[in-house]
Amino acid sequence: MLNLNPLLTDNVVLQAEKNHLINGITDPHLQVSLTIGEIVLSETSDSKGAFIFTVPPQPYGMIDRMRIETKNDAKEVIVQYGDVFLFAGQSNMEYTMALEVHYSEELTQVKQDNIFFHVVPKPEFELELEKESFGTWEQLGSDNLGTLSAVAYYAMKEHRKSYPDRIIGIVVCSKGGTSASCWVSEADLSEDAVLNEQILAPFVETTKGKEKQSFDTEFATYLATYQAYIKKRAKWVKDHPELTLGQIKEQIGHSPWPPPANPYLFNRPGGLYQKMFKRITPFTFSSVIWYQGEEDTMIGSVYGHLLKRLILRWRKELMEQIPFYLVQLPICKDKPQHDWASVRQAQAQAVQKYKDIFLITSLDCGEVEDIHPTEKAILGQRIGEILDKVYYASAPVARVSSWHDTTLVITVDQAASLKLLEVSAIQSDGTIEKIAVEGSQLIIEGNVHNISYAWENAPVVALFNEVGYPVCPFNFERC
């Protein structure tokens with residue numbers, strides 16, 4: 001027996017100019033050898049048969065055949081060295097080019113070059129995956145553009161501008177409708193008192209003592225309701241083109257989501273950590289781009305705890321302090337009880353709390369009444385620019401420089417100058433007499449104790465830096 005990491009198939013892109021990991025499973029306590037070009041390495045599998053090689057850095061553009069063998073078996077894989085990125089999260093990361101508004105135009109422009117992608121197989125509803133379902137590496141072209149994450153495509157299209165000769169690898173590990181609690185281990189949730197109380201313990205209490213047949217019956221009832229709603233909404237969209245999606249939802253209600261608690265479904269705590277992410281680790285990436293949080297607006301106050309656990313867990317499994325690029329949630333009206341502002345706040349705070357975390361603001365990339373914006377080019381381009389530090393290494397974030405008497409000075413980092421399109425977008429608990437923009441600062445005069453910007457689900461987006469990146473929402477209170 002010799003099984004390699006599911007990402008290690010022909011045309012896999014390995015990260016160049018960096019130590020990188022090659023792993024797999026064989027029989028216990030067996031000598032395993034690896035050969036790439038002139039590199040020859042040897043390891044012994046552990047008591048469970050696991051083995052990991054650390055391969056020294058290789059140059060960009062190198063293409064070779066990797067051979068891994070034991071005394072009983074051997075595997076050969078064509079490998080190539082370039083930049084490889086992990087794009088992960090929920091539905092807006094999963095959202096494919098076939099659904100994106102510019103797809104037809106991009107289809108005429110895309111050419112088969114050195115961009116390769118691998119979409120990690122995901123469950124539909126039932127958590128179990130077929131054992132043979134591992135996915136493959138595909139070379140990007142017009143025949144498969146529609147199957148690739150739109151955000152990932154546009155980000156790497158931008159990356160290509162900075163490095164036109166590099167091989168680029170994209171790994172997409174995403175699933176719509178998922179809380180961050182699906183992407184960490186149950187141990188992570190149980191070890192955090194807040195997450196255990198808010199997420200894991202209620203799930204355990206709701207599901208304990210029930211047989212699988214009971215779960216199956218409950219889910220079948222839910223699925224019928226869900227499918228009937230989707231069919232009804234599609235008919236309303238067709239019959240009432242004059243109505244927005246939000247207006248249609250006011251007539252027929254929101255979709256019945258999420259499914260009832262069920263240990264056999266993909267959205268159970270820890271489910272996709274086990275069935276998707278852990279299957280492809282360890283693997284060496286340039287960075288992780290994480291676009292998720294919509295599902296957790298229902299529990300926005302604990303999202304900071306979830307994000308911390310996810311970053312720590314993924315770095316542990318990837319065996320390095322890999323850079324994380326967090327896409328901050330865009331605008332969306334959503335249900336009133338959902339708290340998008342708190343999720344955005346947690347995403348911004350992560351940049352301050354943990355090393356090598358970067359923020360990408362996307363307030364201007366959302367649609368007020370649709371949680372799935374059809375336009376992904378602007379956000380994707382922005383991700384690519386920030387990955388390559390074309391203008392800035394992270395999004396513009398505000399801080400209080402001084403607050404004396406009736407004068408408040410707010411400085412925006414990652415900005416040389418600011419554009420404030422609507423003064424009324426800056427809100428307070430008192431009377432604002434004047435707002436002036438001076439370089440990267442807002443000078444606010446007035447008798448106020450609280451000042452905020454974009455601190456709601458679907459705010460007016462009116463504050464940008466000079467390159468057009470929206471400033472991160474802020475909410476400052478005078479001590």
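Brief remarks on what is shown
- All conditions in (1) among the hydrophobic types (A, V, I, L, M, F, W, C); (2) at pLDDT below 95; (3) out of contact with any strand residue (DSSP E or B) (no Cβ under 9 Å at 6 or more places or on another chain); (4) surrounded by 18 or more Cβ atoms within 10 Å (Cβ to Cβ) hold for residue 298, with the sole exception of (4).
- Residues of segment 17-50 that are touching a Ser or Thr at 6+ places or on another chain (Cβ under 9 Å) and of a type in the set (A, V, I, L, M): 21, 22, 25, 30, 32, 34, 40, 41, 50.
- Residue match in segment 320-334 (condition: of a type in the set (Phe, Trp, Tyr), within 23 Å of residue 155 (Cβ to Cβ) and surrounded by fewer than 23 Cβ atoms within 10 Å (Cβ to Cβ)): no
- Across segment 72-84, a minimum of one residue is classified as at pLDDT below 95 and more than 26 Å from the chain's Cα centre (by Cα).
- Any hit, segment 197-211, residues being more than 30 Å from residue 152 (Cβ to Cβ), without any contact (Cβ under 8 Å) to a residue 60 or more places away in the chain and of a type in the set (Phe, Trp, Tyr): no
- Every pair of residues 6+ apart whose Cβ atoms lie under 7 Å, when the first sits in segment 450-479 and is farther than 18 Å from residue 408 by Cα and of a type in the set (Asp, Glu) while the second is surrounded by 21 or more Cβ atoms within 10 Å (Cβ to Cβ) and at pLDDT 95 or above: 466/415
- Number of the exception - residue 410 against (1) surrounded by 14 or more Cβ atoms within 10 Å (Cβ to Cβ); (2) under 29 Å from the mean Cα position of the chain (by Cα): (2)
- Subset tally (residues that are in a helix (DSSP H, G or I), farther than 20 Å from residue 279 by Cα and touching a strand residue (DSSP E or B) at 6+ places or on another chain (Cβ under 8 Å)) for segment 304-354: 7
- Residues in segment 368-406 that are farther than 23 Å from residue 87 by Cα and small (Gly, Ala, Ser): 398, 401, 402.
- When the criteria are applied in full, residue 183 fails the requirement of being touching a His at 6+ places or on another chain (Cβ under 7 Å) and either loosely packed, with under 13 Cβ neighbours inside 10 Å or not aliphatic (A, V, I, L, M) (or both).
- When we screen 26, 70, 54 for residues that are surrounded by fewer than 17 Cβ atoms within 10 Å (Cβ to Cβ) and in contact (Cβ under 8 Å) with a residue 12 or more places away in the chain, the only hit is 54.
- Within segment 443-465, being in contact with a strand residue (DSSP E or B) (Cβ under 7 Å, 6 or more places away or on another chain) and within 24 Å of residue 378 (Cβ to Cβ) holds for 453, 455, 461, 462, 463, 464, 465.
- Taking segment 84-102 as the range and being buried (at least 18 other Cβ atoms within 10 Å of the Cβ) and not aliphatic (A, V, I, L, M) as the test, the residues that pass are 85, 87, 89, 90, 92, 94, 95, 96, 100.
- So residue 226, is it in contact with a Pro (Cβ under 8 Å, 6 or more places away or on another chain), among the hydroxyl-bearing types (Ser, Thr, Tyr) and surrounded by 14 or more Cβ atoms within 10 Å (Cβ to Cβ): yes
- The one condition in (1) among the acidic types (Asp, Glu); (2) surrounded by fewer than 16 Cβ atoms within 10 Å (Cβ to Cβ); (3) in contact with a strand residue (DSSP E or B) (Cβ under 7 Å, 6 or more places away or on another chain) that residue 138 fails to fulfil: (2)
- Filtered by the rule that a residue be surrounded by 16 or more Cβ atoms within 10 Å (Cβ to Cβ), modelled with pLDDT under 95 and within 14 Å of residue 169 (Cα to Cα), segment 103-122 gives a lone residue, 114.
- Every test in (1) in contact with a Gly (Cβ under 9 Å, 6 or more places away or on another chain); (2) loosely packed, with under 14 Cβ neighbours inside 10 Å; (3) in a strand (DSSP E or B); (4) among the hydrophobic types (A, V, I, L, M, F, W, C) is passed by residue 435 save one, and that test is (2).
The values are calculated or read from the model by the stated rules, or taken from the named source; none is laboratory data. These numbers were taken from a predicted model, which means no experiment stands behind them. Don't worry about glycine lacking a Cβ; one is built from the backbone with ideal geometry, like all the others, and counts go over all protein chains shown.
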